[in-house]
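Beneath this line is the structure, given in structure tokens, with notes to follow.
Computed from the coordinates by the stated procedures, all read-outs in this text should not be read as laboratory data. In this text, all values refer to a predicted model and were calculated from it rather than measured experimentally. FYI the Cβ positions are ideal-geometry reconstructions off the backbone, even for glycines, and counts take in every protein chain you see.
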Amino acid sequence: MAVLCKNDASLIQAEGQLLHQNIDFSAAYLAVQYLFFHIRKSLDPVRDQTIEALFSVLRSQRHDSQKQVFFLHKEAADALIHISTDFTHPFSFSVLSRLQDLLISTKGKKHRAVSEALGSLPLNIAGPDIEKKAPADVCSIPFDSCLAAQGVLDIKAFRWQGRTLIYFLSDGKIACIKFARTKEDVYDLARETEWLSFLNRTPPCPDSNFQVPVPVCLHHCYVFKFSKAPEFILNIREIHPDCLAIMFIAEKDYFEYANEPWHFQDQDKEIKAVFGRNAWLLGRLTSMGIIHTAIIPLFHNRVQHTRRRDHGLYVWEQGGRLDKWLESCRYPNFSKSGLRDFEHLTPLKNTKELRHFIGEHILGFILVMGSFFRNKSPGKKGFDEKGNPMDLRSLFDKPLFIELVTEVVRNYYHGVTGRLPETLPRFLNEGLIDALIEHMGVDHHMEEILRIQDQMNMSDAEFEHFLSSREYEGALIKTLRKGEKDIILNTGPHLGGFNQPISIPELIEFLFCLSSLCISDRFIMENGLKACRN
């Protein structure tokens, strides 16, 4: 079988070897490669025995101890996926269904191989043509006249929300002026107004109570350069000195975040409704090829974002430590009014990236759920007076946590696929929730290491600011010499120790399973395969 060619005798021999599983790893890998080659090149219908031979590889535990077994399983799963995409084959749907069952019932490398294969199915999803570009025009306008045009009479009646200035309007809504921090930010602000305009013209669901903010357009411009800005704006260091901004009108609860318990009177009922509605909306946008890339900011290592090729961003498929999970959840981009912060929307370019975004979305929701429980006592984190990790598991309501995860998954899944996840009870279990409560409720990992190389990449002023922002006292900072040694900082809680895997591997397994089931069910829906089930 070293020479891969179409030969009935060789085909039968390969099938027989795999079905009986009495061959070593190298021979099994060659046999699977031969069958995959035959499937890709043959114009004849694939034999039932070929399908069974490939499934026998995925069911068998014979080669599980081999270091390279992932590639054997991946080759077998890819071959079966190739059969599934041939809609003329009578077993197209049944093969997909059996792969989904295998995904749910397996763990480890086999689980990941089947997940990656199912997640690679081609989908008919294309994002709208909204590119990141410079604003065509910037309108220079006096600050007071801009407010007057929106019916704001008292410019002193405002509040800040980050870099956004908020004024309450007579109709109960709010006028939001979002300032640029740098000139580069203007590109993102201009894109946000484009997305707001697009979503108002093309709402993801006309019947939903999700009210997309309305961008303000004056003199045919959406980006403004405010002249005669008052001192309380000019004195803000984070804002660009040219006072470049956009303005939009939003619902009054646009800044009432889903993880702030004080916004909810009947917490159990209202919080499920808010999480469920936002999950459906996010899934619906995803199904339209519109991806929100920052439901929350996710990092593997914030400190190294300037020198790492991945900018320190979190890639959940790699299962690494999750940096400052509680801080990441501080201002999630969904609230009581719905999804928010539309500068982070981007059109989907390649459906092969969709599995990653699905996992990232669900991960973000689950982390925000954990922060909802922790925010019942927001000042507590880190170590107790005896130096032990603070144990806050009593803040978590396990039955409500299970209901929230179930509500989010069901709604998001339905938004993407048009179907409910029928197999959810088989892979969402109490063990996952117990692990989440254990590691979100006890601050096991607080340490972060500022490497010598990262210190040397900072100016002296940046070095001092970095340490002071992490609660180092000025006198102590003066005793530290930049670049002399690694500095240990207590900046957590993190999920996992520094340079270690995530402390909740069960969560990564869950994301692999859910994201690939979502992709494969969307594929089934798009191609009407369920009706063909035998």
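Alpha carbons only, please: Rg and Dmax for the chain, in angstrom.
Looking at the chain, its Cα Rg and Dmax stand at 26.6, 87 Å.
How about K324: which aspartates and glutamates have a C-alpha closer than 13 Å to its C-alpha, ignoring those fewer than 8 places off in the same chain?
By straight Cα distance, K324 reaches D443, E447, E448.
Could you line up E506, E430, E448 from fewest to most neighbouring Cβ atoms inside 10 Å?
Lowest count first: E430, E506, E448.
Quick check on segment 282-425: take the gyration tensor over C-alpha atoms, sort the square-rooted eigenvalues as a ≥ b ≥ c, and tell me if it's rounded (a/c under 1.5), prolate or oblate.
Taking the square roots of the gyration eigenvalues as a ≥ b ≥ c, segment 282-425 is oblate.
In segment 138-250, how does Rg compare with the Kirkwood Rh, expressed as the Rg/Rh ratio over alpha carbon atoms?
Values: Rg = 14.0 Å, Rh = 14.5 Å.
Answer for segment 138-250: 0.96.
Taking segment 367-430, which trypsin sites (Lys or Arg not before Pro) meet the DSSP loop condition and have no more than 12 other C-beta atoms within 10 Å?
Values: sites: R374, K376, K380, K381, K386, R393, R410, R419, R426; in loops: K376, K380, K381, K386, R419.
In loop regions of segment 367-430 (DSSP not H, G, I, E or B), the sparsely surrounded trypsin sites (Lys or Arg not before Pro) are K386.
Which whole-Hz couplings ³J(HN,Hα) result when phi for each residue of segment 271-278 is put into the Karplus expression 6.51 cos²θ - 1.76 cosθ + 1.60, θ = phi - 60°, listed in order with x for Gly and Pro?
Karplus-based 3J(HN,Hα) across segment 271-278 equals 5, 5, 5, 5, 5, x, 5, 5 Hz.
Determine the equivalent ellipsoid of segment 413-465 by diagonalising the alpha-carbon gyration tensor, then write out the semi-axes as square roots of 5 times the eigenvalues, largest first, rounded to whole Å.
One finds semi-axes of 43, 19, 9 Å for segment 413-465.
For K183, go through the lysines and keep the ones whose alpha-carbon is under 23 Å away, minus same-chain ones fewer than eight residues off.
Output for K183: K132, K133, K225, K228.
Can you list the GluC sites (Glu not before Pro) in segment 346-408 that are in a DSSP coil and have 14 or fewer other beta carbons within 10 angstrom?
Sparse-neighbourhood loop GluC sites (Glu not before Pro): E385.
Cβ under 10 Å from L165's Cβ, L165 left aside: what net charge do those residues give with Lys, Arg +1 and Asp, Glu -1?
That sum, taken over residues with Cβ under 10 Å, equals +3.
In segment 85-116, which trypsin sites (Lys or Arg not before Pro) fall in coil by DSSP and have 14 or fewer other Cβ atoms within 10 Å?
K107
Quickly estimate the mean residue ellipticity at 222 nm for the chain, helices only: each DSSP H run with n ≥ 4 gives -39500 (n - 2.57), and the total goes over all residues, rounded to 500. Write out the running numbers ahead of the final one.
Details: 19 runs with 236 residues, N = 534.
Roughly -14000 deg cm²/dmol at 222 nm, from the helical runs in the chain.
Spelling out what I want: for every residue of segment 437-448, take phi, set θ = phi - 60°, compute 6.51 cos²θ - 1.76 cosθ + 1.60 (Karplus), and round to whole Hz; glycine and proline get x.
After applying 6.51 cos²θ - 1.76 cosθ + 1.60, I find 5, 4, 8, 8, x, 10, 7, 5, 10, 10, 7, 9 Hz.
Taking all pairs of distinct Cα atoms, average 1/r, flip it, and tell me the Kirkwood hydrodynamic radius of segment 8-119 in Å to one decimal place.
After inverting the mean inverse Cα-Cα distance, the result is 13.8 Å.
What size of dipole, in debye to the nearest 20, comes out for the chain about its Cα centre when the only charges are +1 on Lys and Arg C-beta atoms and -1 on Asp and Glu C-beta atoms?
Roughly 500 debye, rounded to the nearest 20.
Looking at L395, L153, Q100, which one has the Cα that reaches farthest to the positive end of the dipole of the chain (charges on Cβ: Lys, Arg +1; Asp, Glu -1)?
Working it through, the farthest residue towards the positive pole turns out to be Q100.
Compute the signed sum of charges (Lys and Arg +1, Asp and Glu -1) over the other residues within less than 9 Å, Cβ to Cβ, of E238. Before the final figure, lay out the partial values.
Details: positive: R163, R181, R237; negative: none.
Spelling it out: positives minus negatives among the neighbours equals +3.
Cα axis of helix 505-526 to longest principal axis of the chain: angle in degrees, 0 to 90, nearest 10?
80 degrees
In debye to the nearest 20, how big a dipole does segment 8-119 give about its Cα centre with +1 on each Lys and Arg Cβ and -1 on each Asp and Glu Cβ? Spell out each step's value before the answer.
On the way: 12 positive and 12 negative charges, 92 e Å.
The calculation lands at about 440 debye.
Please report the net charge: other residues with Cβ closer than 10 Å to the Cβ of K74, K and R +1, D and E -1.
Residues close to K74 contribute a combined charge of 0.
Pairs to check: K67/K398; K107/K386; K109/K336; K381/K478. Give those whose C-alpha atoms are more than 29 Å from each other in this structure.
Violating the 29 Å limit, Cα to Cα: K67/K398; K107/K386; K109/K336.
Rounded to whole Hz and in sequence order, give me ³J(HN,Hα) for segment 159-170 from the Karplus expression 6.51 cos²θ - 1.76 cosθ + 1.60, θ = phi - 60°, writing x for Gly and Pro.
8, 9, 10, x, 9, 9, 9, 10, 10, 8, 9, 5
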